[in-house]
Amino acid sequence: MIEQDGLKPGDKIPSERELSERLAVGRSSVREALRALELLGLIETRRGEGTFIRDFRSNQLVQLLSTFILQDDKARKDVVETKYLIEMDCLRLIIDRNNDEKLSLLKSWVEQQAFSDDEFFLKIVDLADNHLFYRIWNILSDYYQSLKLPTVEIEKIEYSKLVEALMTNEEEIVRRQYAQLRKLSNG
């Protein structure tokens with residue numbers, strides 16, 4: 001319903017009565033579901049105003065879920081590995097799509113901005129133009145952040161080298177540069 005109505009964080013959701021009618025369920029079920037969503041921090045109720053969608057990224061949902069999902073070393077390693085695999089696949093898609101203009105814009109952005117590894121790879125995943133990868137990567141990135149792994153500051157030049165590798169359209173060069181970047185980021 002959120003997607004269907006085009007609702008986004010900050011938007012008001014329909015009343016309990018309207019939700020009950022649209023979903024063909026009892027008001028007590030709607031009330032219970034709304035309470036659960038509020039406990040998860042996905043919505044907020046403002047007295048006298050209504051119920052509003054909260055920004056998913058600003059709450060502790062990932063932190064809460066990660067305590068259940070990421071309980072063992074294998075699961076934590078799988079998150080890191082899967083995030084890296086998606087990043088590499090996005091790099092391959094960029095090569096396949098051969099969009100020099102967008103790569104030039106990315107190169108300028110890298111040269112002119114201060115950014116984090118996540119901000120850089122969000123640009124990469126966006127440039128790959130695969131909405132499923134984009135969604136999965138964002139979720140994995142949140143879980144990755146919840147792992148609180150030690151971070152290493154990577155010089156901007158390393159990101160520039162990866163963009164330059166992309167501009168060659170040579171997958172092996174890109175793969176090597178990505179591996180170098182990840183080697184540096186993992187200490």
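Pairing each residue of the range 29-56 that is more than 14 Å from K12 (Cα to Cα) and at pLDDT below 85 with any residue that is part of a loop (DSSP other than H, G, I, E, B) and of a type outside the set (G, A, S), provided the two are 6+ apart or on different chains, yields C-beta distances under 7 Å for G41/R54; G41/N59; G41/Q60; F56/L42. The single condition among (1) modelled with pLDDT under 90; (2) polar (S, T, N, Q); (3) over 25 Å from D78 (Cβ atoms) that N169 does not satisfy is (1). Quick check on the range 105-158: of everything there that is more than 16 Å from the chain's Cα centre (by Cα), among the aliphatic types (A, V, I, L, M) and surrounded by 15 or more Cβ atoms within 10 Å (Cβ to Cβ), which residue is nearest to T82 (Cα to Cα)? Filtering first and then ranking leaves I154. If the condition is being in a helix (DSSP H, G or I) and either open to solvent by 60 Å² or more (accessible area, probe 1.4 Å) or in contact with a strand residue (DSSP E or B) (Cβ under 6 Å, 6 or more places away or on another chain) (or both), then the range 81-100 contributes E81, L85, R92, D96, R97, D100. Whether a residue is surrounded by fewer than 17 Cβ atoms within 10 Å (Cβ to Cβ), more than 19 Å from the chain's Cα centre (by Cα) and modelled with pLDDT under 90 was assessed, and Q63 does not pass this test. Quickly run through the range 17-32 and pick out the residues that are more than 31 Å from the chain's Cα centre (by Cα) and among the charged types (D, E, K, R). Hits for the range 17-32 are R17, E18, E21, R27.
The values are calculated or read from the model by the stated rules, or taken from the named source; none is laboratory data. Treat the numbers as computed from the prediction; the structure is a model and nothing was measured. Here the Cβ is made from the backbone with ideal geometry for all residues, glycine too, and neighbour counts use every protein chain on show. Surface accessibility is based on the protein's heavy atoms, side chains included, excluding ligands, DNA and RNA. Shrake-Rupley method; radii C 1.70, N 1.55, O 1.52, S 1.80 Å.
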